[in-house]
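Reviewing the structure listed below.
The values are calculated or read from the model by the stated rules, or taken from the named source; none is laboratory data. Please read these numbers as outputs of a predicted model, since none were measured by experiment. Methodologically, a virtual Cβ is constructed for each residue, glycine included, from the backbone with ideal geometry; neighbour enumeration extends over all protein chains shown. Quick note on the areas: whole protein, heavy atoms, side chains included, nothing else; ligands and nucleic acids left out. Shrake-Rupley method; radii C 1.70, N 1.55, O 1.52, S 1.80 Å.
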Amino acid sequence: MTAFTSLPPSGPSRRALLRGGLAGAGLLALAACRSAADSASSAASGSATPRRGGVLTVGTGIDFTPSLLFAQSANTLVQRLVFNTLTRYDDKLRPQPELATSWQVGADGTSVTLKLREDVLFHSGRRFTADDVVFAVKNLQNPARSAQLRSTAAAVTDFRKNGDFELTLVLAHPVSNLFDLFEFMIIPDAASVEDAVAGTKLIGTGPFTFTERKPGSSITFARNAAYWNPGRPYLDGVEIRIVPQAESLLSSLRTGQTHLSYGIRGKDVATLKGDPLFRIKQYDTGSGAYYIGANLTAEHVSDKRVRQAIAWAVDRDRLVQQALGGYGTVSAAPWPKSSPAYSEANATRYTHNPDRARALLKEAGIDTITLPFAHSNDPGNTAIAQILQYDLKQVGIETVLQPTDSPTMQKQLIAQSMPALWTLSHGFAQLQPATLAVSAYPFNEAKNSSRFSSPAYTEVVQQAWHRPDSESPEAKALYQRITDVLLDEEFVIDLAIGGLVEVAGSKAVGTDLNKFGYLILDDAYLTA
């Protein structure tokens, strides 16, 4: 019989946890520790006693897309309000209990046995059991779902139940991102899952119940009185308001119409620093990396010299300062600084060098070209696209901007139907490094948005993914090989790691995000 041990509150290193089978194979590469951006943050989250009641209002520029419920998309505020996950990483990258109370990873990395909470009810009143975990994994394995971690879910080949609250997942091979999957995978209600992706009914085990959705306007939630976490949540409800215009979103915070937002532009955040009425908190995970993607089936950009020219043409420092308000880090590689895949040499491989860009274009037989250039039509991404358009024009690459709504761009990414160039931001680099190359649509070695394919890329990605560890010298050597391919082929041209910034009025306390940007309000409350 498998021996279970609960994770200690202050414990050993990730390597020791891995040996003990508690942290499993999938520890994140990036500690998502939060640091206050100014003194107002610590003041607002001081020693006040949590207050019950009230409705927290969250402002966002992008609407929730129900069909992308099981994916990391532009709006992931809903998932952790209604649903729970099996585990959740802490700030030291150790998985902590949520619906799973303890776990044991097999010595060879091809199994994990989970012990589950026995006191959890779905919002429908049905008891949560091991069958729901089986369904959640199979749901992500379903090709009909848009789910970036499907490849990791697909590595699960068998389920062995020992009663209702103990389950062993059997894997086809070790995976280095198993606990990334457990942080990502929300546990839905099997009976209503199709209603969930249609946006008509959301039933989970989370702290809030879904009450109403007005597409393009708002989505509301009420306190789950039967939540398994004693005394939580403090709030009576949550309202997510869709405020597409950047100026209106900022104004809604200033006037108190909204309490909280993660979508304020960097340059607007800067105007609030030092104001005691606002709390600003920056998450070290970042909001993803801004990049230019290239469709390799399109004319001109099929030549990697053209893609490398684009990489040299962009003034990344200006992009960070002007478009991101300084909330970001220049990087030609996708990895944040705390990733085991990060190196300064990779981050600075491409700098602003228009002459070198022109030389590469000349070598490719190009003086001037005109290319379509898609971007999300929200104000922040439009500003980024305009800066990039200017930089490319200076080296002879004219672009025709194609503003597109965010859900459509997400669908085009999945369908590999992007134009010659596009700009967006990608996630997953903040996770265990192999996750990026087996899960993120722009990078997926098996099927990516750029239609790039390389046996060498596939080989090294699979080697990194199949390892049971993420920090050994051998693993880091594989990450460097992955990065070498990315920086040479430049089918994804990384520009900067964006800052993930929470801006809240002084009344909102205890708000948090998990590593996928799921909004967590179990401990949130509104001061008087």
Item to check | Matching option when the condition is farther than 29 Å from residue 427 by Cβ, in contact with a strand residue (DSSP E or B) (Cβ under 9 Å, 6 or more places away or on another chain) and at pLDDT 95 or above, among 129, 157 | outcome: 129
Next on the checklist: Take the residues in region 343-378 that are hydroxyl-bearing (Ser, Thr, Tyr) and touching a residue at least 24 places away in the same chain (Cβ under 8 Å); name whichever of them is nearest to residue 311 (Cα to Cα).
Outcome noted: 350
Checklist entry - Can you name the residue in region 475-497 that is of a type in the set (Asp, Glu) and within 17 Å of residue 342 (Cβ to Cβ) and, of all such residues, is least open to solvent (accessible area, probe 1.4 Å)? => result 494
Checklist entry - If you go through region 502-512 one residue at a time, do you hit one that is more than 22 Å from the chain's Cα centre (by Cα) and of a type in the set (A, V, I, L, M)? => result yes
Item to check | Sole exception among (1) within 24 Å of residue 264 (Cα to Cα); (2) surrounded by fewer than 23 Cβ atoms within 10 Å (Cβ to Cβ) for residue 303, by number | outcome: (1)
Checklist entry - Can you name every residue in region 66-89 that is closer than 26 Å to residue 113 by Cα and modelled with pLDDT of 90 or more? => result 70, 79, 80, 82, 83, 84, 85, 86, 87, 88
Checklist entry - Being free of Cβ contacts under 8 Å to residues at least 40 places away in the same chain and either on the phi > 0 side of the Ramachandran plot or basic (Lys, Arg) (or both), is that true of even one residue in region 205-219? => result yes
Item to check | residue 445 being farther than 21 Å from residue 324 by Cα, assigned to a strand (DSSP E or B), acidic (Asp, Glu) and open to solvent by 20 Å² or more (accessible area, probe 1.4 Å) | outcome: no
Checklist entry - Which of the strands (runs of 3 or more DSSP E) contained wholly in region 183-256 include at least 2 residues that are out of contact with any helix residue (DSSP H, G or I) (no Cβ under 6 Å at 6 or more places or on another chain), polar (S, T, N, Q) and open to solvent by less than 40 Å² (accessible area, probe 1.4 Å)? => result 218-223
Checklist entry - So, of the residues in region 353-371 that are part of a helix (DSSP H, G or I) and charged (D, E, K, R), which turns out to be nearest to residue 400 (Cα to Cα)? => result 358
Checklist entry - Mind checking which residues of region 70-105 are over 16 Å from residue 182 (Cβ atoms), under 17 Å from the mean Cα position of the chain (by Cα) and open to solvent by less than 10 Å² (accessible area, probe 1.4 Å)? => result 71, 75, 78, 81
Next on the checklist: For region 50-68, which positions are closer than 23 Å to residue 498 by Cα, crowded, with 20+ Cβ neighbours inside 10 Å and not small (Gly, Ala, Ser)?
Outcome noted: 58, 60, 63, 64, 65, 68
Checklist entry - From the list 310, 292, which one is hydrophobic (A, V, I, L, M, F, W, C), open to solvent by less than 60 Å² (accessible area, probe 1.4 Å) and either under 25 Å from the mean Cα position of the chain (by Cα) or modelled with pLDDT under 95 (or both)? => result 292
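Let's see how each residue does on (1) in a helix (DSSP H, G or I); (2) open to solvent by 10 Å² or more (accessible area, probe 1.4 Å):
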{"site": "410", "(1), (2)": "yes, yes"}
{"site": "414", "(1), (2)": "yes, yes"}
{"site": "435", "(1), (2)": "yes, no"}
{"site": "450", "(1), (2)": "no, no"}
{"site": "456", "(1), (2)": "yes, yes"}
{"site": "462", "(1), (2)": "yes, yes"}
Item to check | Looking only at region 257-289, and only at residues there that are more than 14 Å from residue 59 (Cα to Cα), small (Gly, Ala, Ser) and outside any loop (DSSP other than H, G, I, E, B), the one that is most open to solvent (accessible area, probe 1.4 Å) | outcome: 287
Next on the checklist: Among the residues that make up region 334-345, is at least one of them touching a strand residue (DSSP E or B) at 6+ places or on another chain (Cβ under 6 Å), of a type outside the set (D, E, K, R), assigned to a loop (DSSP other than H, G, I, E, B) and closer than 30 Å to residue 270 by Cα?
Outcome noted: yes
Checklist entry - Of the residues 510, 498, which is closer than 23 Å to residue 86 by Cα, in contact (Cβ under 8 Å) with a residue 24 or more places away in the chain and among the small types (Gly, Ala, Ser)? => result 510
Item to check | Output for region 474-522, where each listed residue is aliphatic (A, V, I, L, M), touching a Pro at 6+ places or on another chain (Cβ under 9 Å) and within 30 Å of residue 59 (Cβ to Cβ) | outcome: 497, 509, 520, 521
Checklist outcome for this item: Reported set for region 416-433 where residues are modelled with pLDDT of 95 or more, among the small types (Gly, Ala, Ser) and open to solvent by 20 Å² or more (accessible area, probe 1.4 Å) is 417
Checklist entry - Out of region 84-119, which residues are assigned to a loop (DSSP other than H, G, I, E, B), of a type outside the set (Ser, Thr, Tyr), within 30 Å of residue 261 (Cα to Cα) and touching a helix residue (DSSP H, G or I) at 6+ places or on another chain (Cβ under 9 Å)? => result 86, 92, 93, 94, 98, 99
Checklist entry - Which residues, counting only those in region 317-335, are touching a Gly at 6+ places or on another chain (Cβ under 9 Å), open to solvent by 10 Å² or more (accessible area, probe 1.4 Å) and not polar (S, T, N, Q)? => result 323, 324, 325, 326, 327, 328
